[in-house]
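Throughout, read-outs are computed from the coordinates displayed, never taken from laboratory work. Just so it is clear, the model here is predicted, and its values are computed rather than measured. So basically every Cβ, Gly included, is an ideal-geometry build from the backbone, and we count neighbours across all protein chains shown.
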């Protein structure tokens, strides 16, 4: 499991964070949030799965 800080949003609704392995896409994460999850490479792209938001943004709304 990796702990990452989301830098920005990218197309497709993904948050982007960086690791020593490269850029990681995180579905539903917002800039400034700290998340933990399992990096998985699919078709050459790193995604974070089993995501847990450790530090949410103050303006985050609960998921319906």
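Per-structure values
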| item | result |
| --- | --- |
| Search result, residues across the range 13-47 that are buried (at least 16 other Cβ atoms within 10 Å of the Cβ) and either free of Cβ contacts under 8 Å to residues at least 12 places away in the same chain or touching a helix residue (DSSP H, G or I) at 6+ places or on another chain (Cβ under 8 Å) (or both) | 16 |
| Criterion: touching a strand residue (DSSP E or B) at 6+ places or on another chain (Cβ under 6 Å) and exposed (fewer than 11 other Cβ atoms within 10 Å of the Cβ) - qualifying residue of 50, 7 | 50 |
